[in-house]
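Asks: Would you mind keeping the following structure in view while I ask a few things?
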Amino acid sequence: MSHVLEVCKKRRSIRKYLDIPVEWDKVVQILDAGRYAPAAGNLQSWKLIVVTDPGQKRQLAEAALKQYWIEEAPMIFVICAKEERMVNYYGERGKQYLLQGIATMAENMMLTATDLGLGTCWVGAFDEDKVAEAVGCPARARPHLMITIGYSEERVPVPPRETFESRIYLSKYNNRIKNLNLVLWDWSLQMEDSAREGKAKAEKLWDKLKAKVKHHKDEIKNRMKKEGVDTE
């Protein structure tokens, strides 16, 4: 498994944090990862505010529909963006491109934070006006997302995920893939799966065979004993 995939599978939404400051060298790495996220037309129409002040964090928690766990995070990123610039380039569809860019930027940062041993949580439910007021965000750059960051105080179990077969289609919607490995020509994985299945079947057959042999040996011993033959 690649390192990137391992980090993707390790990431969790963390809502309980230790009272430990996040080192600024790690913060810089996280922010840098966000900078390199794809952006429509490479316009990069976002601004990011790093919040550590307790008073501001309380305001943001209040603005986020009173989710007070937010203020326990040592640091909060507030991502704002300028819709006007995107709309000028792409028309109304530019608003959608803007949200897509923010999402990729956020994911880059959260995965980097995970790789650095930190926990994060995506916070999208909040009153925009109250968040804007808390961080001094002007009307031309509205807040779209908050991310809490810190050292986790909880162990979140792996959330259930749908199977490939129920979510991935080939060429057309609803054209389900029954065997993803064969479709993608990944014969090595298919052979590995087949070998694993074959091994399990062989072990089961061997257990049955051993049980039968033991049964027959016991029967023979019992007969010999009845006939007065010493079997020891």
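What follows is calculated from the coordinates using simple rules that are stated; it is not laboratory data. In this text the structure is predicted, and so the values were computed from the model without any measurement. Positions of Cβ are generated from backbone atoms using ideal geometry, with glycine treated the same way; all protein chains shown enter the neighbour counts.
Asks: At Val213 and Leu170, where each label point lies 7 Å from the Cα along Cα→Cβ, what is the point-to-point distance in nanometres?
Replies: It works out to 4.3 nm between the two label points.
Asks: Please sort through the DSSP H helices of the chain and keep those with an alpha-carbon extent of at least 27 Å along the long axis and a Kyte-Doolittle average not below -1.0.
Replies: Span-like helices here: 93-115.
Asks: Going by amide H atoms built from the backbone, whose H comes under 5 Å of the H on Leu145, apart from near neighbours?
Replies: Placed amide hydrogens put Ile79 under 5 Å from Leu145.
Asks: Given H placed 1.01 Å from N in the peptide plane, which residues other than close sequence neighbours of Gly150 have an amide H under 5 Å from its amide H?
Replies: Gly119
Asks: Sticking with this one: Among (i) 1.28; (ii) 1.65; (iii) 1.07, which is the computed Cα Rg over 2.2 N^0.38 Å?
Replies: Label (ii) holds the value from this structure.
Asks: P(r) for region 15-149, please, calculated from all Cα pair distances in 5 Å bins and given in %.
Replies: 2, 11, 21, 22, 20, 14, 7, 2, 0
Asks: Hey, another quick one. Peptides 161-172, 124-135: what's the order by average Cβ count within 10 Å, highest mean first?
Replies: Result, highest mean first: 124-135, 161-172.
Asks: Could you rank the peptides 22-29, 100-107, 71-78 by their average count of other C-beta atoms within 10 Å per residue, with the highest value first?
Replies: On the way: 22-29: 13.8, 100-107: 19.1, 71-78: 22.1.
Averaged packing, sorted descending, gives the order 71-78, 100-107, 22-29.
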